Amino acid sequence: MQKSKLGLLIIGLFITSFAFGQTEALKSVVNNLAFFKQKADLAYLSRAKKSADSLVVTKKDSNDIQKNVYRLIVYSSILQLDSTNKLNQSDNFLDKTAALYEKFAAKSKIFNYQAEMDYSRRCLSNAYVRKGFTLSQSKDFKNAAIAFQNAKKYAPGQKNINVYLAYANNKQGNLQDAAKYYDNLINTDSTKLEYLETASSIYKSLGDTAKALQIVKKGRRLLPNSKQLLQDEANIYNNNRDYKSLEPLLPQLIDNNPNNSDITFVAANCYDHLNQFDKAESLYLRTIELNGNAYDPVFNLGLMYLKESTIKKDDGNRNITNAILWLEKANEMSPRDKNCLEVLSLAYAKTGNQSQLERVNNRLEQIN
């Protein structure tokens, strides 16, 4: 059996603190704890429990602080040191120990046993965490969250318990509660990338894009070299069509992903919307080079040339020719795409090519 240093330490302190002035009725408990400390045999903890339970017979005994602190130390030690329950304690043993703790934690004179109560509190927290893990493994995330909440009650300063609570609530679909616990995790000067990403994802699921963006920005200040957080921020701007905010991120984003056709397309589309046509053209062509089967960059490039033909009157012929070339290519890739045919109709109308215009319009009528 693997020894718990915390358990053996507090048992040693407990034995020493009660070595003097104890009654005969208490000696059996202390002796069995001492034997356990020496031999690390759980049988002595079992005997200590029997002796401790025998101390509490009358109503007066049940309110005796000293006797019940003995019981609490023994119970807590079993929770801490017998994590696999070789002593076959009842299913409610953990909750029973917690109830015993709560009863005497409220007593005015309990301050005389602060070290013992602190030890019990840590044991209870550890036991509830283990229970939460067991429930999580069996996919019972509702009760796992309850167990982790109890663990947090006895160890409120343990940051890792917020991780378990966030996970359990997220698995249940309790996104508001999960977000709350992830907020606790990330409201520090240093944090883990996975917490930031998950918290941001949860807020996006809740429709709170502003909060998601706030988390990602904070993450990028803490982890400036994170490629994932950079991409997360870019995705938020792109989804919100906030191209002005997206633009400054594009050079680094492209450098990090030179052969990623999706990211190259996002950059092209951004420059397109900002009327930076030379950059957009180059990146649309690069996207098509990286993924020749992608429809959107082909259609967008044709649409961009059509837009340019309207804006740049001096170079209208080249742009309208390019627009028709790429829109026809897009139509070949998706012959029944109504949007493409409608734009192609506009392009032919602009050139005055009646035969092609009629052909495209006939195709539109067939689709409609």
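Residues are listed down the side, and each one gets a yes or a no for (1) over 32 Å from the mean Cα position of the chain (by Cα); (2) among the small types (Gly, Ala, Ser); (3) under 20 Å from ALA43 (Cβ atoms):
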{"position": "ASN68", "(1), (2), (3)": "yes, no, no"}
{"position": "ARG71", "(1), (2), (3)": "yes, no, yes"}
{"position": "VAL74", "(1), (2), (3)": "yes, no, yes"}
{"position": "LEU100", "(1), (2), (3)": "yes, no, no"}
{"position": "LYS103", "(1), (2), (3)": "yes, no, no"}
{"position": "ASN112", "(1), (2), (3)": "yes, no, no"}
{"position": "ARG121", "(1), (2), (3)": "no, no, no"}
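Hey, any hits in region 103-119 for a residue that's farther than 24 Å from VAL30 by Cα and touching a residue at least 24 places away in the same chain (Cβ under 8 Å)? No, region 103-119 has no match at all. Here are some residues: ASP242, ASP296. Which one is within 30 Å of GLY352 (Cβ to Cβ) and among the acidic types (Asp, Glu)? None of the other options fit; the residue is ASP296. Within region 326-339, none of the residues are over 14 Å from PRO297 (Cα atoms) and hydrophobic (A, V, I, L, M, F, W, C).
A Cβ distance below 9 Å, combined with a sequence gap of six or more or placement on separate chains, defines the contacts here; from region 276-305, residues that are closer than 13 Å to CYS340 by Cα reach residues that are of a type in the set (D, E, K, R) and modelled with pLDDT under 95 in the pairs TYR295/ASP337; PHE299/ASP337. Within region 341-359, residues that are farther than 15 Å from THR321 by Cα sit with their Cβ atoms under 7 Å from residues that are of a type in the set (D, E, K, R) and open to solvent by 30 Å² or more (accessible area, probe 1.4 Å), at 6+ positions apart or across chains, in these pairs: LEU341/ARG363. The helices (runs of 4 or more DSSP H) found entirely in region 126-194 that carry 2 or more residues being surrounded by 19 or more Cβ atoms within 10 Å (Cβ to Cβ) and at pLDDT below 90 are 159-172, 175-186. For region 58-82, residues that are open to solvent by 60 Å² or more (accessible area, probe 1.4 Å) and either at pLDDT below 85 or in a helix (DSSP H, G or I) (or both) total 3. Each residue in region 204-223 was checked for being surrounded by fewer than 22 Cβ atoms within 10 Å (Cβ to Cβ), modelled with pLDDT of 85 or more and assigned to a helix (DSSP H, G or I), and 11 of them qualify. Pairing each residue of region 255-274 that is open to solvent by 50 Å² or more (accessible area, probe 1.4 Å) with any residue that is in a helix (DSSP H, G or I) and polar (S, T, N, Q), provided the two are 6+ apart or on different chains, yields C-beta distances under 9 Å for PRO258/THR264; ASP262/THR287. For the condition touching a residue at least 40 places away in the same chain (Cβ under 8 Å), under 42 Å from the mean Cα position of the chain (by Cα) and more than 22 Å from TYR154 (Cβ to Cβ), LEU42 qualifies. Among residues of region 123-148 that are closer than 15 Å to ASP91 by Cβ, those with a Cβ under 8 angstrom from a residue that is of a type in the set (D, E, K, R), sequence gap 6+ or separate chain, pair up as ALA147/LYS131.
Applying the condition of being assigned to a loop (DSSP other than H, G, I, E, B) and more than 21 Å from ASP41 (Cα to Cα) to region 83-98 and asking which residue is most open to solvent (accessible area, probe 1.4 Å) yields ASP91. Pairs linking a residue in region 19-34 that is within 18 Å of VAL56 (Cα to Cα) to a residue that is at pLDDT 80 or above and not in a helix (DSSP H, G or I), with Cβ atoms under 9 Å and 6 or more positions apart or on different chains, are ALA25/LEU55; LEU26/LEU55; VAL29/LEU55.
The values are calculated or read from the model by the stated rules, or taken from the named source; none is laboratory data. Since the model is a prediction, treat every value here as computed from it, not as a measurement. Every residue, glycine as well, gets a Cβ built from its backbone with ideal geometry; the counts of neighbours run over all protein chains shown. Areas reflect the complete protein model, heavy atoms only, side chains present, ligands, DNA and RNA absent. Shrake-Rupley method; radii C 1.70, N 1.55, O 1.52, S 1.80 Å.
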